[in-house]
1. What FRET efficiency would be calculated for the residue pair ALA260, ASP376, taking the C-beta separation as r and a Förster radius of 41 Å, to the nearest 0.05?
2. Could you compute the net charge surrounding ARG79? Neighbours are other residues with a C-beta less than 13 Å from the C-beta of ARG79; K and R count +1, D and E count -1.
3. Of the listed pairs LYS352/LYS382; LYS405/LYS430; LYS5/LYS108; LYS108/LYS435; LYS352/LYS497, which have alpha-carbon separations greater than 24 Å here?
4. Which residues in the stretch 148-181 have a backbone N closer than 16 Å to a point placed 7 Å from the Cα of TRP247 along the Cα-to-Cβ line?
5. What percentages make up the Cα-Cα pair-distance distribution of the stretch 302-385 when the bins are 5 Å wide from 0?
6. If we count every other residue with Cβ under 15 angstrom of PRO428's Cβ, Lys/Arg +1 and Asp/Glu -1, where does the sum land?
7. Label 7 Å along Cα→Cβ of THR501; the stretch 238-279 residues with amide nitrogen under 14 Å?
8. Over all alpha-carbon pairs in the chain, figure out the percentage whose distance exceeds 32 Å.
Amino acid sequence: MQQYKNPVIPGYNPDPSIVRVGEDFYLVTSSFEFFPGVPIYHSKNLVNWELINHCLTDEQQLPLAKARNSGGIFAPTIRYHDGLFYMITTNVDNGGNFLVYTDDVRGKWSAPVWIKHKGIDPSLLFDQGKVYFCSTSLQDGKAGIALYEMNPQTGQLFTQPQIITYGSGGKYPEAPHLYHIGDKYYLMIAEGGTEYGHMETIFRADNPYGPFKACPHDPILSHRSAMGSPIQATGHADIVEDQNGNWWMVFLGIRPLEHAMLHNLGRETFLAPVTWNSEGWPVIEDAGVIKLDMNGPLPQPALPVALSFEDDFSSVVLKQGWYQVRNPVTHRYQHSDMGLILIAGDETISDKNPTGILIRQQAFNISAQTELSIIDLPESAKVGLTAYYNTDYHYEAYLTRCEDKIAVCLDLTVHSIQAQVACVLLSPLKTISFKVVADQRYYTFYFRTEQDWIQLGKGSTAGLCTEGTQTMTFTGTFLGIFAAQKALVCFTSFQAKQLPTDYHIAGLPLTENKPKLIQDENYADAPVNLP
Ligand code: 6LW
């Protein structure tokens, strides 16, 4: 038995689905309005996961122009059969259910194969020469799980939809996966909705069409009664047997802020060992409640995890891990020997298609910094660093030109409220660096024109949390760089690194949001030189 830490894939990585091929595990998560779509993670030990590719990497596979905030790509399922990987998902704003496939999981996936079924959370079972497709279904206003037989190469559905369960009574029966284990068919679903009442339930039958009987100790996983737990909203799971015959469950969960039932990191991917009781039903930990520190018979030893990301933009292609909001306008991004050039149009960062690249925030205590050099900064143009949730929730420190003077400013946007909380005039300059330090209370922004970082101001972490958004959202916070309103800029570096959990900046209260020297442990001896 080895120890490991949850979540195994931190940051916004919801609706995980997993498959094993030999000694390799592949896991996909949903991606909503972000490009590229459906990230693919690889692991040998189920704990250390590397982002290796995406299933959806072009506009034909991933039309996002019409995608709402937290619209676009919902939950995916990955399966492997006869040398081919299949990924099936739903574009809820353009086309509905579709699958793509490939014989090289690290390569290009096929064009979309569309499937005529209205529902979400599609899944596949390859079984005894047949291919079963199941998904949520609303019949006569009643939510259930529908099953079909299909041809995965054409998307053709051979049979009429058969409702195989309405669930165990929880709202939103969804995220179905059908498994043929031993001489039984197991149907596992999520119920309760992807909030604090979330749960995972399982049913069993002698054939794929049922009748399905519920597991006597359902829900097999739920934190709905574990109020004190630092983990909440667990559910939407998939299971896999490892090469040693041990079973594992991956599922989503959230880590609310210590001081509020709010989460800014999104729904993350968690792992739990599965044991089978004498009646042949799965059992997860202590009555379906899991912990941050876990033990299990990992297929290979766990390695230390270092959450950091670095890019000197020397590569001609964007590094895995960078995301854009909806389909990128490719001519706005140019690789050069100096770095990554962003060529903004008239759009702002609140636009549906801002010019910028983002990485997932994977830890509460994290810092990100970037260095940039100005090529052209017309009046009102903006370039800088952002903590970004979606078009309506983002904080950014940026360089701009107002009345022909150069200034660094901090804007906070929450709902339809946009406030400029700091603005400092600077002498003309060519390069500048920005930094943001995040913790459970604040995103604190800094700028540097010479040796010392100067604190610009803060935005509250609570303002970038899923529970507070004005529409239902499913994503999490990103950190990244942007250019807006005709700015022409070259970013020369970007680094993000996890900070010690006890890392804390002796900060000024939010109300005093104007630039002032703040001593923090890293810059204890920094002299003040405000312009
Ligand atoms: C996912 C579904 C869900 O497809 O949210 O609330 C959707 N439940 O299972 C997006 O994550």
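Each reported figure results from applying straightforward, stated rules to the coordinates on display, with no laboratory input. It should be emphasised that the depicted structure is a prediction, and the values quoted were computed from it without experimental measurement. Using ideal geometry, Cβ is built from the backbone for each residue, glycine included, and neighbour counts are taken over all protein chains shown.
1. 0.45
2. In short, -2.
3. The pairs that break the limit, which is 24 Å between Cα atoms, are LYS5/LYS108; LYS108/LYS435; LYS352/LYS497.
4. The answer is 177-181.
5. Taking all Cα pairs of the stretch 302-385, the binned fractions are 3, 11, 22, 23, 20, 12, 5, 3, 1, 0, 0 percent.
6. My count for the surroundings of PRO428 gives -2.
7. 255-259
8. 43
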